[in-house]
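Chemist: Before I ask anything, here is the structure I am working with.
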Amino acid sequence: MKIGFITSEYPHPKVSHAAGIATSIKNLVVALVEKGAEVRVFVYQQECDGIIDDEGVKIHLIKKKRYPFCTWFFYRKHIQKYVSKVVAAENIEVLEAADWTGITAFMKFDVPLVIRFHGSDAYFCKLEGRQQKFKNFMFEKLALKGASAYIAPTAFAGEETRKIFGLDKAKIKTIHYGLQLEHFENPTPETYNRNKILYIGTIIRKKGVLELAEIFNKVISENPKAKLILIGSDAPDIKTGAMSTYKLMEDVLTAEAKKQVEYLGKIPYSEVKMHIKNAHICTFPSFAETLGMVTIESMALQKPVVNTSIGWAQELIDDGVDGYLVHPSDINMFSDRILHLLNDEKLCLNLGKAARQKVEQRFDIKKIAEINIEYYNSIIIVYDRN
């Protein structure tokens, strides 16, 4: 099978941007190659054109372009022309793209296009209660309506996206993101830095970081030794117009709590796993995700996770069995869960062990790659019939 991925991000030193979507795509791409598939990754909005060979994958860099007018249209047609040329030359059988900003709006291909719900702007606006720009909504709707089929990382993300855009439920299949489990081994889960609470993700309102500041205030009042480590890029705040959400967090933190917070900013992905292993607890009080890669990465490394309880998270964690689920706005309950774990080492180890078992059962990328291949094949068959 020959598969092409159209994306704005992918983990490679020569690619200008890579975040959670990039990690999930690469995990799948590498697993597909191991299953015998040939994969091409088309990364747009890059500094220059180029082709890179990486772990059996050909990465095509597509340079960003500006046009005198309607760049949103002409750049999409440029991407279409480039991808179509490679599709024809290398007999690619199916293409996959993300829903964000509707990049495939106005594009036509001679092979089926699958759109994976990494999270559209419309989806996140709905979860956050924000107004979406009409132009963005139309781009995303046009892109989705032009696809042959869809993949949702959680049933929650699939259903919410279906309702927003009026999609055919029969064309949506839930396939979780996955991990290369051999890269997430923790042979000594009993070894960690006591009282270290870890958050990984963009410092942005929708991730629940302002609530996390309130939560930590309560934690520190009960446990002065607790320490909060933050990893991720800072972001402007849409609601207030502030240039730094981290500064807004600092405004919420008490003087005592502020002394016990360490913000590391964005660090190399290779270092993130070390911080997870060293953490006592990992916490992700997000209001808006489709799945949350850092949650399953932490679970794979046998960490007790206090996670948001919203929709998608209920497909990752069974509350009290392999982690905790708490709504981010319930500051008291969230802080109580964290304090309870900080005071119970045996419970932490038990939850961590169960979390690892859950990931092995549900998020093994080798199993997930096979499910993807079967689904791609079914889409190709239907497309050829039509």
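Chemist: What number of residues within segment 162-189 are of a type in the set (D, E, K, R) and either part of a strand (DSSP E or B) or surrounded by 11 or more Cβ atoms within 10 Å (Cβ to Cβ) (or both)?
Modeler: Initially, segment 162-189 is screened for residues of a type in the set (D, E, K, R), giving 162-163, 168-169, 171, 173, 182, 185.
Now drop any that are not either part of a strand (DSSP E or B) or surrounded by 11 or more Cβ atoms within 10 Å (Cβ to Cβ) (or both), which leaves 162-163, 171, 173, 185.
Summing the residues that are of a type in the set (D, E, K, R) and either part of a strand (DSSP E or B) or surrounded by 11 or more Cβ atoms within 10 Å (Cβ to Cβ) (or both) in segment 162-189 gives 5.
Chemist: Being aromatic (Phe, Trp, Tyr), buried (at least 18 other Cβ atoms within 10 Å of the Cβ) and assigned to a loop (DSSP other than H, G, I, E, B): is that true of Phe287 here?
Modeler: Values: aromatic (Phe, Trp, Tyr): yes; buried (at least 18 other Cβ atoms within 10 Å of the Cβ): yes; assigned to a loop (DSSP other than H, G, I, E, B): yes.
Here the answer is yes, as Phe287 does meet what is asked.
Chemist: Write out, first by first residue and then by second, each pair whose Cβ atoms fall under 9 Å of each other, whose residues are 6+ apart or on separate chains, and whose first residue, in segment 60-84, is among the β-branched types (Val, Ile, Thr) while the second is assigned to a loop (DSSP other than H, G, I, E, B).
Modeler: That search, which allows pairs on different chains as well, returns Ile62/Asp49; Thr71/Lys65; Ile79/Ile103; Ile79/Thr104; Ile79/Met107; Val83/Ile92; Val83/Met107; Val83/Phe109.
Chemist: Right, another one. Specify which of the listed residues (Ile79, Ile59) is part of a helix (DSSP H, G or I), within 27 Å of Asn372 (Cβ to Cβ) and in the same structural domain as Gln132 (by TED's automatic domain parsing).
Modeler: Working: Ile59 fails: part of a helix (DSSP H, G or I).
Sole residue among the options that is part of a helix (DSSP H, G or I), within 27 Å of Asn372 (Cβ to Cβ) and in the same structural domain as Gln132 (by TED's automatic domain parsing): Ile79.
Chemist: Scan segment 26-39 residue by residue and report those that are part of a loop (DSSP other than H, G, I, E, B) and touching a Phe, Trp or Tyr at 6+ places or on another chain (Cβ under 9 Å). Step through it out loud before you land on a result.
Modeler: Residues of segment 26-39 part of a loop (DSSP other than H, G, I, E, B): 35-37.
Within segment 26-39, Ala37 is the sole residue that qualifies.
Chemist: Do we find that Tyr10 is of a type in the set (Ser, Thr, Tyr), in contact with a strand residue (DSSP E or B) (Cβ under 6 Å, 6 or more places away or on another chain), outside any strand (DSSP E or B) and crowded, with 17+ Cβ neighbours inside 10 Å in this structure?
Modeler: Against the criterion (of a type in the set (Ser, Thr, Tyr), in contact with a strand residue (DSSP E or B) (Cβ under 6 Å, 6 or more places away or on another chain), outside any strand (DSSP E or B) and crowded, with 17+ Cβ neighbours inside 10 Å), Tyr10 qualifies.
Chemist: Hey, another quick one. Identify the residue in segment 79-96 that is touching a Pro at 6+ places or on another chain (Cβ under 9 Å) and among the hydrophobic types (A, V, I, L, M, F, W, C) and, among all such residues, is surrounded by the fewest Cβ atoms within 10 Å (Cβ to Cβ). Let's see the steps before the verdict.
Modeler: So the first thing to find is which residues in segment 79-96 are touching a Pro at 6+ places or on another chain (Cβ under 9 Å), and the list is 93-95.
Retained after the next criterion (residues that are among the hydrophobic types (A, V, I, L, M, F, W, C)): 94-95.
Details: Val94: 22, Leu95: 26.
Residue satisfying both the conditions and the ranking: Val94.
Chemist: Starting from segment 342-356, take each residue that is within 18 Å of Leu198 (Cβ to Cβ) and touching a residue at least 24 places away in the same chain (Cβ under 8 Å) and list its partners that are hydroxyl-bearing (Ser, Thr, Tyr) and not in a helix (DSSP H, G or I), counting only C-beta distances under 9 angstrom and pairs at least six apart or across chains.
Modeler: Cys348/Tyr192; Leu351/Tyr324
Chemist: Follow-up question, since we're still on this one. Looking only at residues that are charged (D, E, K, R) and within 23 Å of Gln180 (Cα to Cα) in segment 296-341, which one is surrounded by the fewest Cβ atoms within 10 Å (Cβ to Cβ)?
Modeler: Restricting attention to segment 296-341, the residues satisfying the condition of being charged (D, E, K, R) are 297, 303, 315, 318-319, 322, 330, 336-337.
After this cut, where a residue has to be within 23 Å of Gln180 (Cα to Cα) as well, the list is 297, 303, 315, 318, 322.
Details: Glu297: 23, Lys303: 28, Glu315: 16, Asp318: 13, Asp322: 21.
Only one residue tops the list, namely Asp318.
Chemist: Next up: State the number of residues belonging to segment 62-76 that are surrounded by fewer than 19 Cβ atoms within 10 Å (Cβ to Cβ) and either of a type in the set (Gly, Ala, Ser) or part of a strand (DSSP E or B) (or both).
Modeler: 1
Chemist: May I pose another question? Restricting to segment 1-47, give me the number of residues that are modelled with pLDDT under 90 and of a type in the set (A, V, I, L, M).
Modeler: Here the count works out to 5.
Chemist: So which pairs qualify, if the first residue must be in segment 211-230 and assigned to a helix (DSSP H, G or I), the second must be at pLDDT below 95, the Cβ gap must be under 7 Å, and the two must be at least 6 apart or on different chains?
Modeler: none
Chemist: Quick one: Cys282 ticks every box in (1) surrounded by fewer than 23 Cβ atoms within 10 Å (Cβ to Cβ); (2) not in a helix (DSSP H, G or I) except a single one, so which number is it?
Modeler: (1)
Chemist: Ok, one more. Take segment 285-312 and flag every residue that is within 15 Å of Phe184 (Cα to Cα) and within 10 Å of the chain's Cα centre (by Cα).
Modeler: Selection gives Met293, Val294, Thr295.
Chemist: Here is a further query. Just checking, does segment 204-212 include any residue being in contact with a helix residue (DSSP H, G or I) (Cβ under 6 Å, 6 or more places away or on another chain), under 22 Å from Tyr375 (Cβ atoms) and β-branched (Val, Ile, Thr)?
Modeler: no
Chemist: Name the pairs: first residue in segment 281-307 and under 14 Å from Val326 (Cβ atoms), second residue of a type in the set (Asp, Glu), Cβ to Cβ under 7 Å, at least 6 apart or on different chains?
Modeler: Cβ pairs passing all conditions: Pro285/Glu211; Phe287/Glu128.
Chemist: Can you tell me which of Phe106, Phe42 is out of contact with any Pro (no Cβ under 9 Å at 6 or more places or on another chain), under 22 Å from Gly146 (Cβ atoms) and part of a strand (DSSP E or B)? I'd like the intermediate steps shown before the answer.
Modeler: Numbers: Phe106 fails: part of a strand (DSSP E or B).
Being out of contact with any Pro (no Cβ under 9 Å at 6 or more places or on another chain), under 22 Å from Gly146 (Cβ atoms) and part of a strand (DSSP E or B) holds for just one of Phe106, Phe42, which is Phe42.
The values are calculated or read from the model by the stated rules, or taken from the named source; none is laboratory data. All values derive from a computational prediction rather than experimental measurement. With ideal geometry, Cβ positions are generated from the backbone for all residues, glycine too; neighbour counts draw on all protein chains shown.
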